[in-house]
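Student: Let me give you the structure first, and then I'll get to my questions.
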Amino acid sequence: MSLVGRALVWGAAGAIALAAAAACFSDRSGTGPVTGTCQLPVEDSVPGSVVVPISNFAFLPAEVHIRAGQTVTWLNCEADATAHTTHSNDELWSSPLLSSGTAFSHTFDQPGTFDYHCDPHPFMTGRVVVE
């Protein structure tokens with residue numbers, strides 16, 4: 001094989017390796033901003049609640065700080081039909097599966113730190129800090 005032919009083969013192999021490496025790091029970590037429109041249905045809204053959008057397989061933000069007596073409302077903003085839950089690690093609350101555009105709310109009466117996750121996607125985690 002000529003020198004030019006070998007260079008083309010090595011260039012193509014390098015491009016494939018680079019694409020494979022990029023695919024390994026393109027997981028659904030949800031670190032990007034929420035884009036597009038996501039609306040909270042009036043019947044699901046809680047006046048004065050802190051809204052946590054669920055988008056790109058992440059709770060955004062992953063940690064919220066609220067006062068005792070406040071409510072957090074999780075809203076599924078996925079563009080596709082992916083359903084999520086919000087489930088307290090210490091079993092204080094558990095939402096049903098939330099289809100895109102639906103919401104779930106929970107009121108926090110006591111101070112503390114409350115970690116939670118999504119049942120179908122356990123890599124999705126979040127925290128509510130009640131002061």
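Student: Determine if the range 25-41 includes at least one residue that is over 25 Å from residue 107 (Cβ atoms) and modelled with pLDDT of 55 or more.
Tutor: Yes.
Student: If I filter the range 115-131 down to residues being part of a strand (DSSP E or B) and under 15 Å from residue 65 (Cβ atoms), which single residue comes out as farthest from the chain's Cα centre (by Cα)?
Tutor: Only one residue tops the list, namely 130.
Student: From 81, 62, grab the single residue that is among the aliphatic types (A, V, I, L, M) and either touching a residue at least 24 places away in the same chain (Cβ under 8 Å) or touching a strand residue (DSSP E or B) at 6+ places or on another chain (Cβ under 6 Å) (or both). Outline the logic, then answer.
Tutor: Working: 81 fails: either touching a residue at least 24 places away in the same chain (Cβ under 8 Å) or touching a strand residue (DSSP E or B) at 6+ places or on another chain (Cβ under 6 Å) (or both).
Within the list 81, 62, the selection yields 62.
Student: Residue 89 is checked against (1) out of contact with any Cys (no Cβ under 7 Å at 6 or more places or on another chain); (2) surrounded by 16 or more Cβ atoms within 10 Å (Cβ to Cβ) and fails just one. What number does that condition carry?
Tutor: (2)
Student: Let me ask you something else. Just need a number here: residues in the range 81-114 that are more than 16 Å from residue 55 (Cβ to Cβ), over 14 Å from the mean Cα position of the chain (by Cα) and not in a loop (DSSP other than H, G, I, E, B).
Tutor: The total comes to 8.
The values are calculated or read from the model by the stated rules, or taken from the named source; none is laboratory data. Given the structure is predicted, the values throughout are model-derived calculations rather than measurements. FYI the Cβ positions are ideal-geometry reconstructions off the backbone, even for glycines, and counts take in every protein chain you see.
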